[in-house]
């Protein structure tokens, strides 16, 4: 379903304030780290270099929806929203660090990730030692980022009631995200049987919960919205996040890696259990895909042939349909919520802008 969205009049972009707050946080951590040795201080500086300058998708979503829910918010409310948005970005980076360790990745977005940089720049007796040092550093730094995010929620300048609800929200978010990651690893190793429903549930927990439901629900909490409005935004976030992940799965196999920045066919090489693969497993074509699926040395020729088979068996068409279903659900939920007076038309329009960006996304 394609929806035409009328943009509201442009308002101040608050993302530079998030970026500045992130810079201040990292500058303080880098300074404090000096007391614990040059290597630890260098780790913080390298982390800051990799964490800063991102797209700030999650903070932008929170701030856009918060402003739509509370268009006349005073400066203290805006500062609180920027603070929470900043610590959601730290939570995101913590998950990325741990995810790179789990997946064994050394690059991200066409450049070495933190692990890749540390492994290449740190002198060690062997390549194995360098990688162990780099991955250990990433795990520890991910732990620190996770701690910093939680403490940011705990120290936010909001009412005691709002703080308790925010802490409950971030606790549930971390639990679901870890559960989703755990299932993803289990699927990859055949510990859990792969089917479409299991893969979709895993994707909701691993991606949608923290990337979409968390910022939407946090915005509702900060705006003192009703419980029903928050519940609607949680559901909207799950559908949006699932659509986003499904689009990512499509891009990795059928997209142009020069545009989306991911390693071409990396999901096929890693044996990643996506909705595409789960559907293909249920077809007679799978026996022609299976022999090379998950091969670390997968050639471009074999990967291209596998892509063509995924298209031939209907997997691509199936996932495109799933994305459409998720977006249709978003539009229906927002329409009902707006009619019921749960959320404003401005808030619904802000979310629809985010949904419309997913259609035809190439990166």
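The values are calculated or read from the model by the stated rules, or taken from the named source; none is laboratory data. Because the structure is predicted, anything quoted here is derived from the model rather than measured. Backbone-built Cβ (ideal geometry, glycine too); neighbour counts: all protein chains shown.
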Inset, instruction - Starting from residues that are loosely packed, with under 14 Cβ neighbours inside 10 Å and outside any loop (DSSP other than H, G, I, E, B), keep the ones in the range 7-22 and report whichever is modelled with the highest pLDDT. - result: 20
Legend entry - Condition met for residue 147 (surrounded by fewer than 19 Cβ atoms within 10 Å (Cβ to Cβ) and farther than 30 Å from residue 24 by Cα): no
Legend entry - Criterion: in contact (Cβ under 8 Å) with a residue 12 or more places away in the chain and either in a helix (DSSP H, G or I) or within 18 Å of the chain's Cα centre (by Cα) (or both) - qualifying residue of 137, 147: 137
Legend entry - Check on residue 292, closer than 20 Å to residue 189 by Cβ and modelled with pLDDT of 95 or more: no
Legend entry - Residue satisfying condition, being surrounded by 13 or more Cβ atoms within 10 Å (Cβ to Cβ), closer than 16 Å to residue 265 by Cα and out of contact with any strand residue (DSSP E or B) (no Cβ under 7 Å at 6 or more places or on another chain), within set 314, 294: 294
Legend entry - Failed criterion for residue 161 (all others in (1) touching a residue at least 24 places away in the same chain (Cβ under 8 Å); (2) part of a helix (DSSP H, G or I); (3) over 20 Å from residue 273 (Cβ atoms) hold): (1)
Legend entry - Filtered residue count, the range 66-91, keeping only those that are surrounded by fewer than 19 Cβ atoms within 10 Å (Cβ to Cβ) and farther than 16 Å from residue 155 by Cβ: 7
Inset, instruction - Taking the options 33, 42, 27, 46, name whichever one is touching a residue at least 60 places away in the same chain (Cβ under 8 Å), farther than 18 Å from residue 80 by Cα and either under 26 Å from the mean Cα position of the chain (by Cα) or part of a helix (DSSP H, G or I) (or both). - result: 46
Legend entry - Odd one out for residue 231 among (1) within 18 Å of residue 334 (Cα to Cα); (2) buried (at least 18 other Cβ atoms within 10 Å of the Cβ): (2)
Inset, instruction - Test each condition in (1) under 17 Å from the mean Cα position of the chain (by Cα); (2) surrounded by 13 or more Cβ atoms within 10 Å (Cβ to Cβ) for residue 175 and report the one that comes out false. - result: (2)
Inset, instruction - Please name all residue pairs, on different chains or six or more residues apart, with Cβ atoms under 6 Å, provided the first residue is in the range 184-206 and is without any contact (Cβ under 8 Å) to a residue 12 or more places away in the chain and the second residue is in a helix (DSSP H, G or I). - result: 192/186
Legend entry - Qualifying positions in the range 203-228 - surrounded by fewer than 22 Cβ atoms within 10 Å (Cβ to Cβ) and farther than 22 Å from residue 150 by Cα: 226, 227, 228
